[in-house]
1. Using 7 Å Cα-to-Cβ label points, what is the MET541/VAL301 separation (nm, one decimal)?
2. Please give the solvent-accessible surface of PHE519 in Å², to the nearest 10, using a probe radius of 1.4 Å with every protein chain present.
3. Could you bin all the Cα-Cα distances of segment 219-354 into 10 Å bins starting at 0 and give me the percent of pairs in each, rounded to whole numbers?
4. Mind putting a number on the dipole of the chain about its Cα centre? Charges go on the C-beta only, +1 for Lys and Arg and -1 for Asp and Glu, and I need it in Debye to the nearest 20.
5. Does anyone have the angle between helix 266-278 and the longest principal axis of the chain? Alpha-carbon axes, 0 to 90°, nearest 10?
6. Would you list the P(r) distribution for the chain, with all Cα-Cα distances sorted into 20 Å bins from 0 and each bin expressed as a whole %?
7. DSSP loop chymotrypsin sites (Phe, Trp or Tyr not before Pro) in segment 210-296 with at most 16 other Cβ atoms within 10 Å of their Cβ, which ones?
8. Assuming a ≥ b ≥ c are the square roots of the Cα gyration tensor eigenvalues, decide whether segment 174-296 counts as rounded (a/c under 1.5), prolate (otherwise, with a/b larger than b/c) or oblate.
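The values are calculated or read from the model by the stated rules, or taken from the named source; none is laboratory data. Small disclaimer: the values here were computed from a predicted structure and weren't measured. Every residue, glycine as well, gets a Cβ built from its backbone with ideal geometry; the counts of neighbours run over all protein chains shown. What goes into the accessible areas is simple: the full protein's heavy atoms, side chains included, and nothing from ligands, DNA or RNA. Shrake-Rupley method; radii C 1.70, N 1.55, O 1.52, S 1.80 Å.
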Amino acid sequence: MCGILGYISKSDLDEDKIRLCKQGLSSLQHRGPDAENYYISNHVFLGHRRLSIIDLSQSANQPFFSSCGKAVIVFNGEIYNYKDLCQDLNLRTSSDTEVLLEGFLKHGSTFFAKIRGIYAFAIFDFRTPTPTVVLLRDPSGIKPLYVFHHEDELIFASEMKAIFPIIKKRLTIREDSICSYLHFGYIPEPYTIFEKIQAHPPGLLLSYSVNDGSCSKLQLNSFDFSIRNGFSFSANSHETTNLLAQAAERNLVSDVSLKVALSGGVDSSLLYAFCNREQPVGGITVAMNERQYDESDVAAVYSKHLQAPLEIITIEINNRIELLDRLLIHFDQPYADSSLVPFYFLSKAASAHTKVLIGGDGGDEIHNGYSGFKSLPVLMKLRQCQPKFFRSKMYGHGKFLPEKIVRLYNKGIGLLDSSSNNELLFKWGSWFPNSPKQFPFNPYLRNVEYKLDLLDTEDALNDESLIMKYYYHHRMQSDYLRKSDMMSMINSIEYRVPMLDEDLVRFSLSIPYNQKSDFRTTKKILRSIHGQIYPLNTSKMEKRGFSIPLDTWLGNENLEYIKSQILRKDGIIKEYIETKYVDLLFKTLVDKSLQRYCSRATAYQRILILYALQIWYFNIGK
């Protein structure tokens, strides 16, 4: 895994521009501590920071030139099946980078349909009088790629911080991104917090002409969420087992040691089993002080059952506000998923043992692992069959019931009061109040309705397909995958996700919805496979998630400081959120009567969302 930076301009690159490009590349050192190199021509700068995983020799360093000397590549990721693709190629190294470059030069872009892996790369092809830069990102968006395209310039990088030195004075904040962030705690791709920087869409091939700045786009790899196969539960379970085994085998390709990040969950333990069928692969799990968040005892059961190696690392998650600030700023844009903290400590602890971690990310998205997969189909049907005027009259009822029941009641009515399934999905994922009827007063100083379309294909998809696409393209790509990439790479750890193997994803999405979940059970097929390998009781465990208790971690000693920062008069929060609402959030932490509007845990999450935005603004956005 590596970090890349590219700058292409119709104008000649002067010394100052080259200096800024080198400065941007240096900011990616954590992504590639093993080597730094760059290529410079009159109009092109390509920079690379290397984390050596496959072919550790210096001959595989990047930017990497083709054998003909007329094309060069910078590449972040791994091509797992590169050995299968090199049969008709004349190669000088044993690197997957060279296979990617030479395969493209010989076969064109059709070669990219054959590759399986995690990747974001750029190829500068100057074999003809019209030189072209080609960009491509893997179809699940596992590896990040951010692009600034304005007039006669194209800049791209693995992280936005590498772009900032080159163009920061020309960046403006995108207001609708702030609106979406306030609800979700992250900004959905392809948008970012900035007007002129976008996340490059997964699977989209962009060809950029160096001579005139024109570009063409071609969607090479994508997934169809509307197709359902006609196979039985047994047949789909059998094929899923085969594809899991194939995905695990592919992800073991490495010239350095690797380990499985093993939790108590179904997904990582399945990968632990399938990887150990191929070769002895150690597991790493973390023991935490908070018993309800510690899954090391279940991981030990898996290890003993398979007689496979396991290292249990005890981590102490300190609550220094300076560390939280550093991690929040590292994301380059507002981000407030609290699970970033334990993930950071996991990858930091793992870095003493390995350079590669294998995780179970993606299993919930392709096999209906979240509670929404059970509840949302029912809510969507209820929304369509109940008259809107009837729903609007139901607000305020049940106010004498217990706080938790009142919260659930009002949220449910708010969801049913949606005008479309898109709006319902927005409300489902929103942390903040999304209807004035759910709160005594309007907490917003301006209109913060969600303005960025969650999905652009609502009319073409049925309810279940829309839910699948929402979790996959919205939540997973913009939240979970960004967290795992940023928090692993800050510790120079490559994080692999076999559950998002392209062949496994494509087949899993085609399995009938009710074979994967129903109103009572999630991940039915994966649990069935799991029960054939491990003790049955472990296959029935509820999903716990990888998180920390915010109330314990933030602590009283930090809350006063956090509140003072949120309420700063020179900050950005005062432009969007009422001061009295901020006060109310902090009072909710101690006043049970206020918890009819939001739970204590939700209040902490909303506070974190506001604090992360303010910290980002003072350090990057201002």
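1. With each label point 7 Å from Cα toward Cβ, the separation is 0.6 nm.
2. Its heavy atoms expose roughly 140 Å² to the probe.
3. Here the calculated profile for segment 219-354 is 10, 30, 30, 23, 6, 0.
4. 1760 debye
5. Once rounded, one gets 30 degrees.
6. Percent of Cα pairs in each bin: 19, 53, 26, 1.
7. PHE231
8. Note, shape of segment 174-296 comes out prolate.
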